[in-house]
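Down below is the structure, laid out as structure tokens.
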Amino acid sequence: MREGGFRGKCIIRAAVMCLCIFTAVFAVSCGTDDIDISAYENEQIELIGIGEGSVKLSIADLKAMECRTLKTESTSDKIGKVRATGPELDTVLAEYGLSKADFSKIIINGSDEYDVKLLNDYITEHDIYLAIGIDGEPLDEESRPCRIIIPKSDSAYWVRMVKSIEFVK
């Protein structure tokens with residue numbers, strides 16, 4: 001009897017350990033960090049060229065969408081490795097029945113007057129994320145309201161302080 005009880009406890013411990021490992025791996029690679037965006041949740045970005053005109057989305061709107069937390073790094077040494085949290089651009093566009101492949105060009109504008117033009121080939125070959133947090137923390141004031149993260153690309157494309165995204169058919 002004691003031997004069976006010992007085996008039962010071992011099986012339960014092993015199951016709990018597997019569950020803990022699965023939860024830890026899932027939370028880092030597939031889950032979403034719970035980023036406290038309260039300091040900038042009402043700030044907005046404008047999506048231009050969607051439907052009849054433009055659409056304004058708050059950071060709270062972005063957080064309410066299906067978000068992902070991903071570990072990535074740029075191909076330049078400027079930024080290094082990050083863990084970014086936010087929705088993928090296609091997730092945002094799906095809300096309007098669109099995808100990034102529908103556009104010939106996307107122009108991302110930062111409030112610091114920095115902008116990046118992405119052409120269709122680049123758009124369709126890369127995932128583009130609207131990060132609302134980095135490394136489990138809210139964005140700093142120099143990156144708010146959101147930051148573009150394009151995994152495995154040059155950090156020159158990682159626009160911060162995004163104020164608008166223009167979609168050209």
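No lab work stands behind these numbers, since they all come straight from the coordinates. Bear in mind the structure is a predicted one, so any value in this text is a computation, not a measurement. No Cβ is skipped: glycine too gets one built from the backbone with ideal geometry, and neighbour counts run over all protein chains shown.
The table below lists the values:
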{"quantity": "Of the trypsin sites (Lys or Arg not before Pro) in region 85-165, those whose Cβ has at most 10 other Cβ within 10 Å and which sit in DSSP loop", "calculated": "Lys152"}
{"quantity": "Rg/Rh ratio calculated on Cα atoms of region 34-168 (Kirkwood radius)", "calculated": "0.92"}
{"quantity": "Region 34-168: relative contact order as a whole-number percent, Cα under 8 Å and 6+ apart", "calculated": "30 percent"}
{"quantity": "Unit charges at the beta carbon, dipole of region 34-168: most positive-side option, Ile59, Val92, Tyr157", "calculated": "Tyr157"}
{"quantity": "C-alpha center-to-center spacing [region 45-74, region 119-141] in angstrom", "calculated": "10 Å"}
{"quantity": "Residue-count net charge about Asp127 - beta-carbon cut-off 10 Å; Lys, Arg +1, Asp, Glu -1", "calculated": "0"}
{"quantity": "Set of lysines near Lys117 by C-alpha distance (under 23 Å), chain-local residues within fewer than 8 positions excluded", "calculated": "Lys56, Lys78, Lys100, Lys105, Lys152, Lys163, Lys169"}
{"quantity": "Backbone N within region 142-169 under 18 Å of label point (7 Å from Met65 Cα along the Cβ vector)", "calculated": "144-151, 158-169"}
{"quantity": "All aspartates and glutamates inside 17 Å of Lys81 as judged from Cα atoms, apart from same-chain residues fewer than 8 positions distant", "calculated": "Asp33, Glu73, Asp127, Asp135, Glu137, Asp140, Asp154"}
{"quantity": "Residue-by-residue Karplus 3J(HN,Hα) for region 100-112, coefficients 6.51, -1.76, 1.60, Hz, glycine and proline x", "calculated": "5, 5, 6, 10, 7, 7, 10, 10, 9, 10, x, 5, 8"}
